[in-house]
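Scroll down for the structure; my scribbles are underneath it.
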Amino acid sequence: MKQYFLYYTEANIMCLVIFGVMLVHDLLNASRQEKQIKFDNALLAFMVYFAADCVWTAVEAGVLPRTLSSVVATNFANCIFMSLITYSWLRYVMAVEAAPHRERLLNKIAVNFPFLVSVIGLVAVYLAAPQALLSPALELKPLYYVFFLAVPYIYIIAIIIYAVQRLRHEESPDERRKHCFVGFFPLIVILGGLVEILINQQLPVFCFACTVLMLIFYLQSMERQISLDPLTGLNNRGQLLRYVAQKSNARPDGRMTFVMMLDVNDFKKINDTYGHAEGDRALILLSDTLKHVAETMAQRSFLCRYGGDEFVLILHPAIPGVVERVAETIREELRQAEEREGLPFRLTVSIGFSPLMDEPDTLQSCMQRADEALYENKRSSKRTEAAG
């Protein structure tokens with residue numbers, strides 16, 4: 001038994017257990033959205049690879065018989081499962097980046113094609129000319145590593161392309177960081193694998209690199225779940241309370257501060273008449289509009305879904321008059337979204353806002369005044385409709 005066997009196997013088992021804990025926690029989550037399912041598939045792919053790597057180590061260390069069959073089986077399994085890791089991560093990135101038509105049959109075939117060709121090609125080469133992959137001493141030849149790395153790099157390039165495309169059109173710093181992380185994550189993992197292959201195969205660099213990066217990503221994902229509204233992706237009410245509680249957010253850099261509150265007109269009627277799916281669609285369209293307006297018109301702002309069909313936008317404009325223009329732009333962009341999407345209902349909002357006064361005024365008091373202004377705007381709109 002070689003000395004590294006126990007250490008290498010313990011490292012893989014430890015990483016396998018950590019991934020298993022993450023997977024079980026995800027499976028127990030009541031909300032099973034597409035992104036979460038694809039992430040769990042990636043976790044499973046890593047776990048299968050770690051398990052196969054333990055068997056490979058046992059064969060290489062002489063714990064299990066090092067025969068032609070065992071060498072071929074363990075190395076071929078590692079090659080296939082490495083491709084499976086990058087394939088599953090590509091599917092996850094396509095879900096995160098909302099790649100269009102990703103569930104179409106033709107797109108699924110295109111994504112699966114490199115993986116299937118690689119597996120079939122590897123088996124075909126071995127059956128036709130095994131000496132091209134293995135020496136008489138059962139040592140791997142360079143052609144094996146071509147198969148081992150070719151498909152993962154094809155998927156990595158596709159992942160980076162998806163992420164960069166979204167990165168180029170994204171203005172939010174938080175979203176840009178997300179695109180960078182999901183896009184370049186597999187490249188860092190593969191670099192860890194290359195270090196292990198080229199420098200010292202007895203060091204479990206790959207499994208440690210995978211585990212550290214996946215833990216970081218998982219913790220960030222958990223933080224987003226805690227702080228973000230799952231439907232709209234906006235900050236949730238808890239984040240708003242934390243934001244309001246920080247005095248430094250009241251007048252950042254000496255700027256003016258306004259609290260704007262919005263809600264969807266006749267939202268209950270939309271739900272009752274067209275169903276909750278259309279109600280969710282209305283909320284998503286409104287949240288997308290608010291994000292776009294806040295990012296393009298306000299240098300500093302905080303946006304959240306307050307609850308139900310209510311939203312809060314805290315603005316810190318550098319010049320007067322911005323808040324009124326923001327309200328007008330929100331209404332205009334909603335009108336355009338309604339026409340563009342061909343909605344079967346009117347999508348309009350009531351808006352109320354209030355400035356933050358000098359101390360002892362607080363953001364909490366300002367929110368109350370904005371809420372009162374919102375309902376006054378709603379009552380005024382209904383009186384106008386009744387008179388018309």
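The values are calculated or read from the model by the stated rules, or taken from the named source; none is laboratory data. Remember, predicted model here, so these are calculated numbers, not experimental data. Please note: Cβ atoms are built from the backbone with ideal geometry, for glycine as well, and neighbour counts cover all protein chains shown.
Among all positions in the stretch 290-307, there is no residue which is of a type in the set (S, T, N, Q) and modelled with pLDDT of 90 or more. Of the strands (runs of 3 or more DSSP E) lying entirely inside the stretch 222-330, not one is found with 3 or more residues being without any contact (Cβ under 8 Å) to a residue 40 or more places away in the chain.
Checking each residue in the stretch 17-34 for being in a helix (DSSP H, G or I) and modelled with pLDDT of 80 or more picks out Val17, Ile18, Phe19, Gly20, Val21, Met22, Leu23, Val24, His25, Asp26, Leu27.
Check the stretch 180-190 and report whether any residue there is farther than 27 Å from Tyr144 by Cα, free of Cβ contacts under 8 Å to residues at least 60 places away in the same chain and either of a type outside the set (Ser, Thr, Tyr) or not assigned by TED's automatic domain parsing to the domain that holds His316 (or both). Please lay out each step first, then the result.
Within the stretch 180-190, the first condition is being farther than 27 Å from Tyr144 by Cα, and the residues that meet it are 180-182.
Cutting the leftovers down to free of Cβ contacts under 8 Å to residues at least 60 places away in the same chain gives us 180-181.
In the following step, the residues that additionally are either of a type outside the set (Ser, Thr, Tyr) or not assigned by TED's automatic domain parsing to the domain that holds His316 (or both) were identified as 180-181.
Yes, the stretch 180-190 contains at least one residue that is farther than 27 Å from Tyr144 by Cα, free of Cβ contacts under 8 Å to residues at least 60 places away in the same chain and either of a type outside the set (Ser, Thr, Tyr) or not assigned by TED's automatic domain parsing to the domain that holds His316 (or both).
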